[in-house]
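Down below is the structure, laid out as structure tokens.
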Amino acid sequence: MLNTVAKNEAPGAEQELTDGFHLVIDALKLNGLDTIYGVPGIPITDLGRMAQAEGIRVLSFRHEQNAGYAAAIAGFLTKKPGVCLTVSAPGFLNGLTALAHATTNCFPMILVSGSSEREIVDLQQGDYEEMDQLAIAKPLCKAAFRVLHAADIGIGFARAIRAAVSGRPGGVYLDLPAKLFGQVINAEAGRKSLVKVIDAAPAQIPAPSAVNRALDVLKSAKRPLIILGKGAAYAQADDAIRAFVEKSGAPFLPMSMAKGLLPDLHPQCAGAARSTVLKDADVVMLVGARLNWLLSHGKGKTWGEAPKRFIQVDIEPKEMDSNVEIAAPLVGDIGSCVAALLDAMGGSWPLPPADWLNAVKTKRDDNVAKMAPRLMNNNSPMDYHGALGVLRTIIKERPDAILVNEGANTLDLARGVIDMYQPRKRLDVGTWGVMGVGMGSAIAAAIETGKPVLAVEGDSAFGFSGMEVETICRYNLPICIVIFNNDGIYRGTDLNSVSSDPAPTVFVKGSRYDKMMEAFGGVGVNATSPDELKRAVNAAMDSGRPTLINAVIDPAAGSESGRIGNLNPQSVLKKK
Ligand SMILES: Cc1ncc(C[n+]2csc(CCOP(=O)(O)OP(=O)(O)O)c2C)c(N)n1
Ligand SMILES: [Mg+2]
């Protein structure tokens, strides 16, 4: 239903009116966008108030970057663009990192930002929060639009929604100058100007010849491997993907945010034999996964000597051959592609050779057995494995909880140790390995799914968005944050040998992050052993109360940059 705001009282000219504020709200509602993540201020404070009054959920954050990360992950979880609302210039810039992150990760998101007066901005006359935001946003997102007339708000949102979710999803910027909100137009004209986006992300059906080519290559494999990326998780084609992987009989490797698409304990899961399968596979089928740095660009030592042929399923044709030759490109949306593959495989599909399946299984079982005793230690202070062993059991017992994870060691080790059982339950740092997504992701996960959230955070990682514990308490969200507190970035043991300043990687020793949560009325716990940690997390997950557990980790336990220390450039000069 359209909002109307006033009657024009002039004699003979009585008509129903609407304005920019209400048209924005109506455009959102008409398109099922029912949640806004943002920070209020000029010129969008009243927009937030009015949106809330109209039944839109408005989550007010302490910093736009966190609101932006929340919107980005909401997009990943729902396949609808997550909406982030910011004020001009500084608020816009604070939200922009998240918009770029959404674009890089292929999450649909719309950053809606108020902006200052065009006439003044363009003449650079020094307006309040003056900035040419559209120009700045453009290179960092899929599309950027500005709406100058209230009658174009409907079209502006329609374009933004389509751009965000169709084809390869990504971030879209929508610039709404302050003057737009107060613009008044005839209510009927306003109603007619709104656009309900029909079929916002149309299916992209793959060509039958490409499907057959892909299957020919897969069938020819002696040592096939399927790699599932977060694009496959995004597709929400869970049953078809599982059926396809199972029918193929091939080992599969989930990328971080694709964990749980098929359970990590599935007999075909090769997660614990990652280096073996990457080295030895002869045919690699990528499903919604890109050959970027996370897969060593498809070449080099990680991929071994054995010649490989790649099959790639992706919605973006330009993704093909980005790093190595793709023998069988399969372009289309993942759901349509996997359905077509299943169809064309027919009733019987040969299992991969038994020696390959056995080799992968042996390696996996060996690695799992080697890891098992380390996960059961009850050391105090804790090491990563002792603490993660506990959290692993908790997720096994509560498979529908959502796991948010960021840090270096805290991320890399948790990714390997904590098995996932359901799709889209693991949310982490994504393609960039960005720190700061933690609290935004946790909040959006709780809001969008209604499920309990366990956020496993490095102490540094948490610091990027830590003030949002107040937001978590304010909305009383079922989020349990566990901080792996090792006194610093990677480790807490570095020393500065030349002055009394602390080394760049270390924090205040023995910090008590749990007190932060208590300051806002949540539950804070200091846990020094795996047993204490287990009790505290279970209590939090049972109660659903906002909880922060300061898990005291041995400051010497971590390694430089977690698992990616090899990416650090080295000085050729001798260390002094
Ligand atoms: C936005 C951003 N800034 C900086 C970094 C560099 N960085 C990578 S991991 C990390 C923090 C690692 O420390 P912590 O979260 O405490 O995890 P730990 O290894 O100590 O368990 C930082 C600052 C980054 N990835 N992203
Ligand atoms: Mg740390």
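Here are some notes:
- Taken together, Ala359, Ala327, Ala344 contain a single residue that is of a type in the set (A, V, I, L, M), touching a residue at least 12 places away in the same chain (Cβ under 8 Å) and touching an Asp or Glu at 6+ places or on another chain (Cβ under 9 Å), which is Ala359.
- Asn476 being away from ligand 2 (no atom under 16 Å from the Cβ), in contact (Cβ under 8 Å) with a residue 40 or more places away in the chain, assigned to a loop (DSSP other than H, G, I, E, B) and in contact with a Pro (Cβ under 6 Å, 6 or more places away or on another chain): no
- Test: Val147 is among the aliphatic types (A, V, I, L, M), without any contact (Cβ under 8 Å) to a residue 40 or more places away in the chain and in contact with a Leu (Cβ under 7 Å, 6 or more places away or on another chain): yes
- Filter pass, Ile447 being more than 13 Å from ligand 1 (Cβ to nearest atom) and more than 25 Å from Ala67 (Cβ to Cβ): no
- Residues being surrounded by fewer than 22 Cβ atoms within 10 Å (Cβ to Cβ), touching a residue at least 40 places away in the same chain (Cβ under 8 Å), more than 16 Å from ligand 1 (Cβ to nearest atom) and more than 22 Å from Thr97 (Cβ to Cβ) are represented in the stretch 450-459 by at least one member.
- Listed conditions (1) more than 16 Å from ligand 1 (Cβ to nearest atom); (2) β-branched (Val, Ile, Thr); (3) assigned to a loop (DSSP other than H, G, I, E, B) are all met by Val508, apart from (1).
- Sole residue being free of Cβ contacts under 8 Å to residues at least 12 places away in the same chain and either of a type outside the set (A, V, I, L, M) or under 22 Å from Pro353 (Cα atoms) (or both), chosen from Asp282, Asp239, Asp314: Asp239
- Unique match (being crowded, with 17+ Cβ neighbours inside 10 Å and in contact with a helix residue (DSSP H, G or I) (Cβ under 7 Å, 6 or more places away or on another chain)) among Ala187, Ala221, Ala233: Ala233
- Any hit, the stretch 559-567, residues being under 22 Å from Ile395 (Cβ atoms), outside any loop (DSSP other than H, G, I, E, B) and at pLDDT below 95: yes
- Counted residues, the stretch 479-515 - those being away from ligand 2 (no atom under 16 Å from the Cβ) and buried (at least 22 other Cβ atoms within 10 Å of the Cβ): 2
- Candidates Val572, Val525: the one that is surrounded by 19 or more Cβ atoms within 10 Å (Cβ to Cβ) and among the β-branched types (Val, Ile, Thr) is Val525.
- Members of the stretch 520-560 that are among the small types (Gly, Ala, Ser) and closer than 26 Å to Val469 by Cα: Gly521, Gly522, Gly524, Ala527, Ser529, Ala536, Ala539, Ala540, Ser543, Gly544, Ala551, Gly558
- When Ala442 is tested against (1) crowded, with 24+ Cβ neighbours inside 10 Å; (2) within 16 Å of ligand 2 (Cβ to nearest atom), exactly one condition is not met: (2).
- In summary, helices (runs of 4 or more DSSP H) completely within the stretch 197-305 and bearing 2 or more residues that are within 15 Å of Val360 (Cβ to Cβ) and modelled with pLDDT of 95 or more occur at 238-248, 274-280.
- Selection of the stretch 168-186 for residues being farther than 12 Å from Asp19 by Cα, more than 18 Å from the chain's Cα centre (by Cα) and either assigned to a loop (DSSP other than H, G, I, E, B) or free of Cβ contacts under 8 Å to residues at least 60 places away in the same chain (or both) yields an empty set.
The rows are residues; the columns are (1) aliphatic (A, V, I, L, M); (2) over 25 Å from Gly458 (Cβ atoms); (3) part of a loop (DSSP other than H, G, I, E, B).
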{"site": "Leu330", "(1), (2), (3)": "yes, yes, no"}
{"site": "Leu341", "(1), (2), (3)": "yes, yes, no"}
{"site": "Asp366", "(1), (2), (3)": "no, yes, no"}
{"site": "Arg374", "(1), (2), (3)": "no, no, no"}
{"site": "Ser380", "(1), (2), (3)": "no, no, yes"}
{"site": "Val390", "(1), (2), (3)": "yes, no, no"}
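The values are calculated or read from the model by the stated rules, or taken from the named source; none is laboratory data. The model shown is predicted, which means the values in this text are computed figures rather than measured ones. Cβ atoms come from the backbone with ideal geometry, glycine included; neighbour counts cover every protein chain shown.
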